[in-house]
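Participant: Dumping the structure here so I can ask a few things about it.
The values are calculated or read from the model by the stated rules, or taken from the named source; none is laboratory data. None of these values were measured; they are calculated from a predicted model. Neighbour counts are summed over all protein chains in view; Cβ atoms, including those assigned to glycine, are modelled from backbone coordinates with ideal geometry. What goes into the accessible areas is simple: the full protein's heavy atoms, side chains included, and nothing from ligands, DNA or RNA. Shrake-Rupley method; radii C 1.70, N 1.55, O 1.52, S 1.80 Å.
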Amino acid sequence: MKNLKRFALACGLAATALTSAIAQEWPRQPVKLLVGSAPGGGTDAMARAVADRLGPLLKHSVVVENRPGASNTLAVDITAKSTDGHTLVMGVSTAHAIAPHLLKLSYDNNKDLVPVAFVGAVPNVLVTNLSLGVNNVTDLVKLAKGKPGQLNYATSGAGSTQHIAAELFKDATGTFITHIPYRGSSPALIDLIAGQVQMSFDTMPSVMGHIKNGKIKPLAVAAAKRNPQLPDVPTMEEAGVKGVEMSAWYGVYAPANTPKAVIDKLNADINKVIAMPETQARLSAIGADLTPMSQAQFQAFHNAENQRYGELIRKKNIKLD
């Protein structure tokens, strides 16, 4: 019995040593952090804020690569199937909680990837172009009802939080507004500013710069409370529309075959990045609420969000155009 206990102890110590060695040796080369949308959007902003500070902690550069397409899932697909051991993706709720209920994916969102570290969340904001001539949500609803199907709303892609928020808005207000999906927030906002489309429910990181520069008009924040970066902009409920709360959340995911020691190391280091004053200032300025989580907490959050969005999409009968 004593020999058996000694053997078990020795095996445990060996496993601990091996785990420690794996964590210490990783990374052995630059790390790729994929982004499923074009440069300039909220996911891109989150990824670059993390990558800039994570690299020095890992003692290897963290390179952000934009792979837009398929409602942010192209980058996730590439990550899920990667075998180099150094590819991650900045996940977003569009890809990990919404798309699995709307798209036929070539990977399993719950089995082929593992949630590593939660970064934070940002609310969606209802914005319009300046030439539309509306000053509040009431004006917009009145205009939309007077021109059914003639107003267009832009999104970063079908199945995005912008898409879901707009469909909830249409349902709550009894309006018919046409969906125009783009390959990312940046091209969508270019057309919004130019007047090719009239409105959007984009995320705060994407719209804050344009709002501050006076290029688009914010009408309401799709959140339970006002955002400190837009203190004069009412919530959707304050503007007279109930049931339209939407935010995009972001977190780093890795392929499922990533060693647990590497996942633990990444979780610890990314949480250090989130806690840095520079990161806090950089992302708080664009309306982000940064929330460090353990890997287990992020896994539980991932599971809960999948269930929540699945129920919402089924209840509202939301489908891709």
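Participant: Give me the pairs, please: first residue somewhere in region 66-92 and at positive phi, second residue anywhere and open to solvent by less than 20 Å² (accessible area, probe 1.4 Å) and in a loop (DSSP other than H, G, I, E, B), beta-carbon distance under 7 Å, and either six or more positions apart or on two chains.
Facilitator: Pairs that qualify, where the first residue is at positive phi and the partner is open to solvent by less than 20 Å² (accessible area, probe 1.4 Å) and in a loop (DSSP other than H, G, I, E, B), are S71/G157; S71/G159; S71/S160; N72/G36; N72/S37; N72/G157.
Participant: Scan region 75-106 residue by residue and report those that are of a type in the set (G, A, S) and either in contact with a Leu (Cβ under 6 Å, 6 or more places away or on another chain) or assigned to a helix (DSSP H, G or I) (or both).
Facilitator: Answer for region 75-106, where residues must be of a type in the set (G, A, S) and either in contact with a Leu (Cβ under 6 Å, 6 or more places away or on another chain) or assigned to a helix (DSSP H, G or I) (or both): A75, A80, S93, A95, A97, A99.
Participant: For region 165-177, check the following and say yes or no: at least one residue is on the phi < 0 side of the Ramachandran plot, in contact with an Asp or Glu (Cβ under 9 Å, 6 or more places away or on another chain), open to solvent by less than 10 Å² (accessible area, probe 1.4 Å) and not β-branched (V, I, T).
Facilitator: Looking through region 165-177, at least one residue is on the phi < 0 side of the Ramachandran plot, in contact with an Asp or Glu (Cβ under 9 Å, 6 or more places away or on another chain), open to solvent by less than 10 Å² (accessible area, probe 1.4 Å) and not β-branched (V, I, T).
Participant: Taking the residues in region 149-161 that are farther than 21 Å from S131 by Cα and crowded, with 24+ Cβ neighbours inside 10 Å as candidates, determine which candidate is modelled with the highest pLDDT.
Facilitator: Within region 149-161, the match that is modelled with the highest pLDDT is T161.
Participant: Answer yes or no as to whether A165 is within 23 Å of Y309 (Cα to Cα), in a helix (DSSP H, G or I) and either modelled with pLDDT of 95 or more or acidic (D, E) (or both).
Facilitator: So A165 fits the description; yes.
Participant: Sticking with this structure for a sec: Of the numbered conditions (1) within 28 Å of V62 (Cβ to Cβ); (2) touching a strand residue (DSSP E or B) at 6+ places or on another chain (Cβ under 7 Å); (3) open to solvent by 10 Å² or more (accessible area, probe 1.4 Å), P234 satisfies every one except a single condition; which is it?
Facilitator: All conditions pass for P234, except number (1).
Per-residue answers, yes or no, for (1) at pLDDT 95 or above; (2) not in a helix (DSSP H, G or I):
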| position | (1), (2) |
| --- | --- |
| I211 | yes, no |
| D232 | yes, yes |
| E238 | yes, yes |
| V241 | yes, yes |
| A261 | yes, no |
| L266 | yes, no |
| N271 | yes, no |
| I286 | no, yes |
| Q297 | yes, no |
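Participant: Here is a follow-up. Could you pull out the residue among P123, P148, P181 that is of a type outside the set (D, E) and within 15 Å of the chain's Cα centre (by Cα)?
Facilitator: After applying the criteria, what remains is P123.
Participant: Between residues in region 273-298 that are over 20 Å from T43 (Cβ atoms) and residues that are small (G, A, S) and open to solvent by less than 30 Å² (accessible area, probe 1.4 Å), which pairs lie under 8 Å by C-beta distance while being six or more apart or on different chains?
Facilitator: Every condition considered, the pairs that remain are Q295/A117.
Participant: Please work out which residue is most open to solvent (accessible area, probe 1.4 Å), limiting yourself to region 114-148 and to residues that are under 19 Å from L168 (Cβ atoms) and small (G, A, S).
Facilitator: Ranking the candidates gives A121 first.
Participant: Anything in region 273-321 that is acidic (D, E) and under 17 Å from A51 (Cα atoms)? List them, or say none.
Facilitator: Residue satisfying the conditions is E278 alone.
Participant: Moving to a separate point now. Give the number of residues within region 272-291 that are under 21 Å from L113 (Cβ atoms) and surrounded by 18 or more Cβ atoms within 10 Å (Cβ to Cβ).
Facilitator: Count: 2.
Participant: Let me ask something additional. What about A121, is it in contact (Cβ under 8 Å) with a residue 40 or more places away in the chain and either on the phi < 0 side of the Ramachandran plot or of a type outside the set (D, E) (or both)?
Facilitator: Considered against the rule, which asks whether it is in contact (Cβ under 8 Å) with a residue 40 or more places away in the chain and either on the phi < 0 side of the Ramachandran plot or of a type outside the set (D, E) (or both), A121 comes out as yes.
Participant: Which of the residues that make up region 22-36 are surrounded by fewer than 19 Cβ atoms within 10 Å (Cβ to Cβ) and at pLDDT 95 or above?
Facilitator: Restricting attention to region 22-36, the residues satisfying the condition of being surrounded by fewer than 19 Cβ atoms within 10 Å (Cβ to Cβ) are 22-25, 27-30.
The answer is P27, R28, Q29, P30.
Participant: Pick from T161, T175: which is closer than 21 Å to L103 by Cβ and of a type outside the set (A, V, I, L, M)?
Facilitator: After ruling out the rest, the residue left standing is T161.
Participant: Only one of (1) within 30 Å of F298 (Cα to Cα); (2) out of contact with any strand residue (DSSP E or B) (no Cβ under 8 Å at 6 or more places or on another chain) is not met by P181, so which one is it?
Facilitator: Answer for P181: the failing condition is (2).
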